[in-house]
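> One structure, pasted below without further comment.
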Amino acid sequence: MEKTRIHHKPQKNALNQGGIKEILLPTDFSEAAANAFVYTLYLAEQLQAKIHLLHVYPTTHLHEELLHPDFVENMNDAHLKIASSAFEKYQIIAKEHLSRAVDFGFMAESGTPYTEIIRLSKELNVDLIVMGTQGAASINERILGSVTVRVIQEATCPVLAIPAEYSYQPIEQILYAMEMNQEEYSSVTQLINIARQMKAKILCANVQTKHTSTKQAESAFVAEEAFMEHFSDLQQEGMLEFHSLQYPDIIEGLRHFINVNKVDFIAMTTHKRDWVRQFSDPSLTREMVLYTDMPLLAFHK
């Protein structure tokens, strides 16, 4: 049976010719999702971007041939009525928060949330996915939410995770937590394009700890020199800085750096296998807890 859906598309915005133009915002109508919506409204206003709101409702796990067609239709209609009502409330929220209209449309799809989010992000060719996050039982869900983790693993565009208690503030300082590897050239370049739209400054920081070996420290120094040379024009422009930090552990170093420099969100590059593994690794879980305090922008490689 064909999927039942509702679509209301945003109008094309000719003003924004570069950077982030299209934002996909999945919502389950929870408080965390509503908070992410408000954050995304202000972000879209700053970036002159369009928002595609998406609600994914569950499909029945029973074989459709066992169900009466009227039952399936009524079930879909009930989901669509709930979605339509919630989207109307979102329109009211938008008018309450913004002095001028932000272009956004809404979609309701049936299926598995992360699958539909990935599919539509590609279909719509969005530049950014924004996910609201909230607490849950498992460590994966407690930190970022199971759907968010899956989306970050599979998405071909950056994913911005917004903690449930975080309120939007103009983005002026972005921390990019560096590992000093070749893959990060692409991520930093993408982040530069985003920061230009925001008129924000990027602070690239690499933390070396008491566990960092001499060989690792030397390798990081060489990599940092290469990064600084590659992005020298942006450093002279005052848009990009590189910082090498020495702290007993990573969490302490980044937390202190964030407080001193008044960072507005954190960006990092994730790796599919490492991303999954680090949530079950107790030694790294403590580091990831830091990112629940403020938005985390993940570039997937």
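A short reminder: the numbers here are calculations on the coordinates, not readings from a lab. Note that the structure is predicted; figures quoted are calculated from it, not measured. A quick note on method: Cβ atoms are made from the backbone with ideal geometry, for glycine too, and the neighbour counts reach across all protein chains shown.
> Would you pull out the residues with amide H under 5 Å of Lys50's amide H, same chain only if 5 or more places away, H placed 1.01 Å from N?
Glu22, Ile23
> Tell me, His243, His52, His211, His300 in order of fewest to most beta-carbon neighbours within 10 Å?
Details: His243 15, His52 23, His211 10, His300 18.
Ranked by crowding around the Cβ, least crowded first: His211, His243, His300, His52.
> Now for a separate question. What does the net charge come to around Lys210 if you take all other residues with beta carbon closer than 12 Å to its beta carbon, with K and R at +1 and D and E at -1?
On the way: positive: none; negative: Asp249, Glu252.
Overall, the nearby charge balance is -2.
> Please report the relative contact order for the stretch 142-238, taking Cα pairs under 8 Å with a sequence separation of at least 6, and give it as a percent rounded to a whole number.
Working: 50 pairs, mean separation 24.8, N = 97.
With pairs under 8 Å counted, the relative contact order is 26 percent.
> Within a 10 angstrom radius of the beta carbon, how do Ser121, Ser186, Ser110 rank from fewest other beta carbons to most? Walk me through the intermediate numbers first.
Values: Ser121 24, Ser186 12, Ser110 19.
Listing Ser121, Ser186, Ser110 from fewest to most nearby Cβ atoms yields Ser186, Ser110, Ser121.
> Would you order Met239, Met180 from fewest to most other beta-carbon atoms within 10 Å of each residue's own beta-carbon?
Working: Met239 16, Met180 19.
Least crowded to most crowded, the residues run Met239, Met180.
> Of Lys21/Lys201; Lys122/Lys201; Lys50/Lys201; Lys81/Lys122; Lys95/Lys201, which sit over 25 Å apart, Cα to Cα?
Numbers: Lys21/Lys201 20 Å; Lys122/Lys201 29 Å; Lys50/Lys201 23 Å; Lys81/Lys122 27 Å; Lys95/Lys201 30 Å.
With Cα atoms farther than 25 Å apart: Lys122/Lys201; Lys81/Lys122; Lys95/Lys201.
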